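Here you go, one structure.
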Amino acid sequence: MAPTDDIMRKPESGTDEREAAMHRLGAEDRVFLRVDGMHCATCEGFLESAAKDCKGVVDAAASYVTETVRITYDPDRASKETLCDALSTLGYSATLRAGGNDGSPTVIGQSRRSDEPNERGIDEVLGFRYAVGVIFGTFMLLPYAVLLYPAQLSSFFGDGTLDMYASASGLGGGDGLLILPLFLVLTGVVLLFTGLPLLQGAYVSLKMRQPNTDLLVALTIVSAYVYSTIAFLLGRIDVFYDLTILVAASVVAAIFYESLSKQRAMDRLTNLTISHVTEARRYGADRMTTMVDVHDLEPGERVLVREGERIPVDGVLAEGECTVDEAIVTGESLPVSKRAGDDVVGGAVVTNGAAVLTVSDGTTSSIDRLITSVWNLQSGEHGVQRQADRLASVIIPVVVGGAVLTGLGSLLVGTGIPVAVLTALGVLLVGCPWALGLATPLSVATSIEQAVERGIVIFDETVFERLRNVDVVVFDKTGTLTTGQMDVLEADAPSDLLETVAALEQRASHPAAAAIVNTLGKGSQDGDRSRADGGVTDGSDHEHAADITEFTSHATGVEGVVADTRVLVGNLDLFADLGWSVSEQIATRATGARTAGQLPVVVGRDGHAEGVIVVGDEPRPSWDDTLTQLSDRDIEIVVLTGDDEAATDFLDSHPAVDHVFAGVPPAGKTATIRRLQSRGQVTMVGDGTNDAPALATADLGISLGGGTALASDAADISIVDDDLAAVETTFDLADAARRRVTQNNGLALLYNLVTMPLAATGLLNPVFAMGAVVATGGLLAANSFRDLLHE
Ligand code: ADP
Ligand code: MG
């Protein structure tokens, strides 16, 4: 979702491209608004059309999943503030997403730790508002039950007649009489205060002609309220105020719980992103690098950022050239070339080369920017219509039609208008499966929470929906199917060259480079294990004091000029491609190591290979099980690697693997994914910098925890722990989540299963209806909180 260049754009981005082009011309601005109160696909449609109705708005895309609306507008004709105002309507409240250029950043040197995402404000206010309504309302149900239920029950059982409500005799005098007018007012308050998001959702759904569960719930609570009020005015005691209160309160509470769960998942994702920049690689005067806390950096100090890593602070590029992606800051995913002297902005990702930058004066830590701008990256996609909303759009016309017909029928037989209205409302009251509106948020919240508990970060339930339709899963090899924690087994080259190579590899982010630095670099005993421990290094790592005047990173190696000597490090193909000579002996050596399943890294100087470093990598313990289990699901398994064929023998011969594509350069990975997409939905599992384009291109990207910032930005699902087995767990969770949604929607209909036959036989009593509400809600809650994977 965070494309870094054109090949990383999703195929559907035709209009985006146009927009981006216009944006580059400076004609338009883009803003991300956070809109509270958005919780379904209908809201998306409504807010998009509301935004597009504004003067100066070129395009708007809303996503309820992230509660974000992205608006492209003409800054001469609209402003961020007017757009916020325009979208703060009908109970929605739009605010500028802080961050990017709008945030209030931390100045380096001032030690403010902002580990906590700071976007909560509004949600908490809303939550409080509704919580008050919920507690207040339900608390008031006690006296209601004590005074009214006996009367309602005795009028049912007492004389045993069906016209037990004909008079309010049960509450004929004294205290009892007061409770009904009191509840008429109280319930009205709860309906309008606590039930506001539901009423608003219902209004929007009517306006968009797209019935949803909000409309179902609103029909139920409003018809119960109006029914009760008419009944009261007619002097009857068959009132359902309790139903209005309890249904409104529980559905709103569930919606709030859902949004809290998403928030928590989002925080996890933010922390994951931040974890890549809480430390920086300080490049000392002695040309050594040391890992330090970002907050301890001083202006003027130098920092080294490797390919695929995020730039931790604002600065000026001190030497060389590199390409960065500033999407997280600008919202635009374009590769931007930088050369010595250019400003680079914290939060951007180095997509090519490595950056040595000088920390700017009064500079900002990118942490603050990242916390809030993670949203921008994730906010592109629409949510899908939920199963319950689809059901609602079928059920609502039937129930409303039935109510109208029954009311008319009642008029025809001459009952008079009040009774006819009561009859019609009664049909709505018993016929609306309001509990579908309770089932969905509970299902969504559970699946998100249970995924996050297992270290699988999603904040978007539709990810699971998409995962279930996957036909092909593509695995990267190095670092994904293998551990990527490599060891140097042998190093056969002149020792001065090896030292230079280690210095050069210091700037590369490939796991082989980490192994070489660890073993052959100066001070290697406490060297960089950043790949092994998830990108954060403790201890220090050192770069050799050689003078690197040029650095280029290739897909299969690195090249640079060190102390006026050109040095090349990489595989045999790279040497061939660049026209460097490789002696027979070295070639044989390299090929031999490859055949043995090891990784030969050829090293050379001034156009000639001079030796080989043999690096060993192990398949992950769980690779076999993971592939087998996925292929048992009838999913096609493809392995994609930049490595050559000899290194993939163990995969080729595996029964679960359908295809192995070896020797694929990064651009080729994207192209392969595109080709596979003609066969169906493709999921890509990867970890490395050069996997990022493929992760973004695939219908779903899954990144493993040890991977680079670039890879986790590009993915839809982040596995926090570096655990391959979690891939299969993700698929299991998706299946279980679907079953849970279906179960919950089934349970939701229980209420109607009870009330409808009772009503049809004239036996419906408000106390029974309440019993059905409580039973349905209780069962739904109990079912939702069960562990998804242990049914
Ligand atoms: P995969 O696609 O399986 O993850 P990669 O694309 O990461 O494999 O790597 C492909 C090959 O490129 C590696 O096997 C290695 O030979 C070579 N390579 C890439 N970067 C470096 C580097 N910095 N140093 C040495 N070799 C490298
Ligand atoms: Mg890899």
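The values are calculated or read from the model by the stated rules, or taken from the named source; none is laboratory data. Everything numeric here is computed off the predicted structure, so don't read it as measured data. Here the Cβ is made from the backbone with ideal geometry for all residues, glycine too, and neighbour counts use every protein chain on show. Only protein heavy atoms, including side chains, enter the accessible area calculation; ligands, DNA and RNA are left aside. Shrake-Rupley method; radii C 1.70, N 1.55, O 1.52, S 1.80 Å.
With a ≥ b ≥ c the root eigenvalues of the C-alpha gyration tensor of segment 615-698, is it rounded (a/c under 1.5), prolate (a/b larger than b/c) or oblate?
oblate
On to the next question. Would you mind checking segment 730-745 for residues with the amide N under 16 Å from a putative spin-label position 7 Å along Cα→C-beta of residue 634?
Once the point is set 7 Å along Cα→Cβ of residue 634, 735 turn out to lie under 16 Å by backbone N, inside segment 730-745.
Ok, one more. Whenever you get a sec, line up 139, 768 from highest to lowest accessible area (probe 1.4 Å, protein heavy atoms).
Details: 139 135, 768 60 Å².
My answer, sorted largest first, is 139, 768.
Could you tell me which of the pairs 52/207; 55/207; 52/338 are separated by over 27 angstrom between their Cα atoms in the structure shown?
Violating the 27 Å limit, Cα to Cα: 52/338.
Let me ask you something else. Can you tell me the length gained on complete extension of the stretch residue 591 to residue 74, counting 0.36 nm per residue apart and subtracting the Cα distance?
So the extension gain works out to 180.2 nm.
Where does each of 573, 735, 606 land when they are ordered by accessible area, with a 1.4 Å probe and the largest first?
Greatest to least solvent exposure: 606, 573, 735.
Going from most exposed to least, what order do 625, 342 have by accessible area with a 1.4 Å probe?
Highest to lowest solvent-accessible surface, that is 625, 342.
What nm value, rounded to one decimal, do you get for the distance between residue 495 and residue 653 when each label is placed 7 Å out toward the C-beta?
That separation, rounded to one decimal, is 4.0 nm.
Something else: With a 1.4 Å probe and all protein chains left in place, how much accessible area per residue does segment 641-791 have, in Å²?
Details: 5160 Å² over 151 residues.
Ligands and nucleic acids excluded, the result is 34 Å² per residue.
Follow-up. Could you check the spin-label model distance between residue 563 and residue 790? Points 7 Å from the Cα along Cα→Cβ, value in nm.
Each label point is offset 7 Å from its Cα along the Cβ direction, giving 6.1 nm.
Note the full-extension length gain between residue 775 and residue 340 as 0.36 nm times their separation in residues minus their Cα-Cα distance, in nm to one decimal.
Gain on extension, residue 775 to residue 340, equals 149.7 nm.
Once ligands and nucleic acids are excluded and a 1.4 Å probe is used, how much of residue 298 is accessible, expressed in Å² to the nearest 10?
100 Å²
Based on a Kirkwood Rh over C-alpha pairs, give the Stokes-Einstein translational diffusion coefficient of segment 714-791 at 4 °C and viscosity 1.567 mPa s in µm²/s.
Taking Rh from Cα pairs, D becomes 85 µm²/s.
Between residue 677 and residue 192, what is the label-to-label distance in nm when each label sits 7 Å out along the Cα-to-Cβ direction?
Taking the two extended label points, one gets 5.1 nm.
Send over a whole-number figure in Å² for the accessible area per residue of segment 267-326, probe 1.4 Å. Don't skip to the answer; put the middle values down first.
Numbers: 1890 Å² over 60 residues.
Ligands and nucleic acids excluded, the result is 32 Å² per residue.
For segment 197-269, which trypsin sites (Lys or Arg not before Pro) are both in a DSSP coil and crowded by at most 12 other Cβ atoms within 10 Å?
Filter output for segment 197-269: 209.
Pop the C-beta distance of residue 81 and residue 293 into the FRET formula with R0 = 51 Å and round what comes out to the nearest 0.05.
The calculated FRET efficiency here is 0.85.
Using R₀ = 56 Å, calculate the FRET efficiency as 1/(1 + (r/R₀)^6) where r is the Cβ-Cβ separation of residue 411 and residue 739; round to 0.05.
Taking R0 as 56 Å, the efficiency between residue 411 and residue 739 is 0.80.
Another question, then. Once you charge only the Cβ atoms, +1 for Lys and Arg and -1 for Asp and Glu, what is the size of the charge dipole of segment 661-778 about its Cα centre, to the nearest 20 debye? Please list the in-between numbers first.
Numbers: 7 positive and 11 negative charges, 123 e Å.
Once rounded to the nearest 20, the dipole reads 600 debye.
May I ask which residue of 280, 303, 201 lies farthest towards the positive end of the charge dipole of segment 200-304, with charges of +1 (Lys, Arg) and -1 (Asp, Glu) on Cβ and the Cα centre as origin?
Highest projection toward the positive end goes to 201.
Also, quick follow-up: Calculate the dipole size of segment 572-717 relative to its Cα centre from +1 charges on Lys and Arg beta carbons and -1 charges on Asp and Glu beta carbons; express the result in debye to the nearest 20.
Values: 9 positive and 23 negative charges, 55 e Å.
So the magnitude is around 260 debye.
Set the Förster distance to 30 Å, then compute FRET efficiency between residue 625 and residue 782 from the Cβ-Cβ distance, nearest 0.05.
0.35
State to the nearest 20 debye the size of the charge dipole of segment 612-692 about its Cα centre, where the only charges are +1 on K and R beta carbons and -1 on D and E beta carbons.
Once rounded to the nearest 20, the dipole reads 500 debye.
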